1. Please build a GNM for chain A, connecting alpha carbons under 10 Å apart, and tell me which residue among A:228, A:262, A:220 fluctuates the most.
2. Given a Förster distance of 45 Å, report the FRET efficiency between residue B:92 and residue A:55 from their Cβ-Cβ distance, rounded to the nearest 0.05.
3. For the residues B:145, B:50, B:98, what sequence is obtained by ranking on other C-beta atoms within 10 Å, fewest first?
4. Given a Förster radius of 22 Å and the C-beta distance between residue B:60 and residue B:171 as r, what FRET efficiency does 1/(1 + (r/R0)^6) yield to the nearest 0.05?
5. If each of residue A:189 and residue B:73 carries a label point 7 Å out from its Cα toward its Cβ, how far apart are those two points in nm?
6. With the Cα gyration tensor of region A:145-249 giving a ≥ b ≥ c as the square roots of its eigenvalues, does the rule (a/c under 1.5 for rounded; else a/b larger than b/c for prolate; else oblate) give rounded, prolate or oblate?
7. Report, in whole Å, the centroid distance computed from the Cα atoms of region B:257-293 and region B:78-156.
8. So for B:119, B:54, fewest C-beta neighbours within 10 Å to most, what's the order?
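None of the figures in this text is laboratory data; all of them are computed from the coordinates on show. In this text, all values refer to a predicted model and were calculated from it rather than measured experimentally. So basically every Cβ, Gly included, is an ideal-geometry build from the backbone, and we count neighbours across all protein chains shown.
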């Protein structure tokens with residue numbers, strides 16, 4: 001049976017496809033970030049910018065407090081250093097082996113003895129900050145401020161990787177938005193299946209679940225029986241979702257061996273065909289997927305809410321006139 | 001498969017790190033979480049190290065702050081507070097607090113356990129060595145607030161509005177609570193809770209009970225309720241409301257047999273909901289995950 005909401009189902013279908021692709025991209029992105037230790041390297045860049053003195057940075061990373069974190073991170077560059085550890089390690093380095101790390105005089109002397117003028121100037125200014133009571137607090141505040149900048153760097157790098165991944169996934173799947181829309185429009189059954197699967201996906205919760213509650217209390221009479229929600233699954237997308245993606249995307253009919261071509265057409269003609277027929281659709285997909293899974297989850301939710309709120313015109317009941325006043 | 005899981009886990013851990021960098025962390029024993037998740041109160045042997053000379057002025061909240069230690073039962077830097085301490089009924093407790101202050105002698109106290117990042121430290125680990133506090137308000141994430149019994153002095157009568165004190169209105173307080181985030185992770189024996197600093201200690205609000213009250217192991221009660229806004233809209237839903245044993249709010253809840261659909265106008269203070277934390281970390285298998293902070297309200301007074 002044809003859907004009562006063909007345009008809405010089309011919007012739900014394409015949003016669902018984008019959501020699944022964005023989920024794949026974000027998972028791959030995080031995996032890459034872990035493998036290349038992107039956070040650790042970004043943090044190191046931030047520490048370099050903060051300390052300015054390469055020798056001081058080398059001593060900092062060699063300090064036992066920081067080495068301890070490195071061991072927790074499988075011997076790689078630490079991806080996170082707490083502000084108190086940063087301050088304590090730095091104070092210990094600057095005060096030297098013969099004085100306590102909290103010795104203010106030894107700390108000042110240590111800063112004065114730094115070879116790098118920029119580092120000396122920066123640390124002198126930080127240690128004179130009257131907002132805080134102790135040198136440790138001053139160094140911690142200095143570090144935390146710079147970490148906000150480091151987080152910004154990481155986000156930017158991550159976003160670039162997302163664009164590249166979105167392009168790679170789009171090309172790999174030949175996910176041409178225009179072709180997908182055409183497939184769904186011509187195949188209402190497929191569109192309906194996507195809508196049903198989108199409903200199930202929405203029940204699994206927002207991919208970026210940061211703002212979601214941890215639990216629900218399903219039995220109003222038992223406030224001790226909480227049900228955990230939004231626990232991430234082991235598999236990013238289900239086998240059924242993978243199968244659906246395969247049905248609306250793919251290289252069938254477009255691959256070099258089976259595209260509609262004259263007999264003498266070669267490789268470059270095929271590339272020209274792809275660019276002419278698919279490039280616009282790919283570009284739309286890449287831009288859409290790079291908006292991220294949370295964006296498409298929210299969009300899908302809105303479309304689904306509209307669909308749930310509306311009633312099919314053919315199923316709408318005639319207005320109940322029993323309560324209407326009779327004309328005078 | 002194992003490698004993919006590991007990579008996924010690394011990804012999640014890394015995702016949580018920028019948040020953790022701005023947060024305050026308390027690491028609790030899971031056995032402690034399990035023991036107290038469905039209790040209103042805790043019983044401890046308490047060293048009174050420092051106490052305010054006088055209770056706070058009524059306009060400030062009327063509390064009496066005491067900093068001390070309960071190494072065996074709590075094992076964290078902590079304070080304990082007597083509600084409405086300027087009332088004559090609480091005079092004996094206040095007098096005894098001052099009598100034992102700094103004596104290094106332990107006294108039994110009972111009160112509402114409360115985790116809330118109002119005066120947090122960067123990191124505190126439960127049952128690590130707890131230093132003697134240097135003042136009445138050391139950095140802490142744990143409180144016994146309010147105290148219900150100080151040695152032999154029952155102070156449950158203090159659970160009533162503080163004359164001259166204006167709590168935060170519901171929209172402001174719950175608007176703030178609902179925005180709070182938390183990052184949790186767990187091992188077999190410990191759970192780490194990280195959150196940014198929280199505020200809005202006292203909130204006055206009207207609630208509509210969403211179910212029947214359920215008795216807790218220590219004689220307190222918990223009930224789910226929706227918090228109503230000025231136009232009767234719900235501004236927070238299915239919040240656990242904790243009624244403390246022996247207190248006037250609990251007596252009213254039980255004597256009037258209040259339940260689903262009934263309303264109460266109350267004053268409450270928030271605390272982290274350990275019931276939710278426990279259920280979540282048990283299901284998440286120790287992954288580092290960020291979510292909305294689960295909180296519950298300790299009902300400290302009924303507004304007539």
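1. Sorting by GNM fluctuation, first place goes to A:220.
2. Values: r = 64 Å, r/R0 = 1.42.
FRET efficiency, residue B:92 to residue A:55: 0.10.
3. On the way: B:145 24, B:50 18, B:98 15.
Fewest to most other Cβ atoms nearby, the residues stand as B:98, B:50, B:145.
4. Working: r = 22 Å, r/R0 = 1.00.
According to the calculation, E is roughly 0.50.
5. 6.8 nm
6. Since a/c reaches 1.5 but b/c is at least a/b, the shape of region A:145-249 is classed as oblate.
7. 24 Å
8. On the way: B:119 16, B:54 11.
Result, fewest neighbours first: B:54, B:119.
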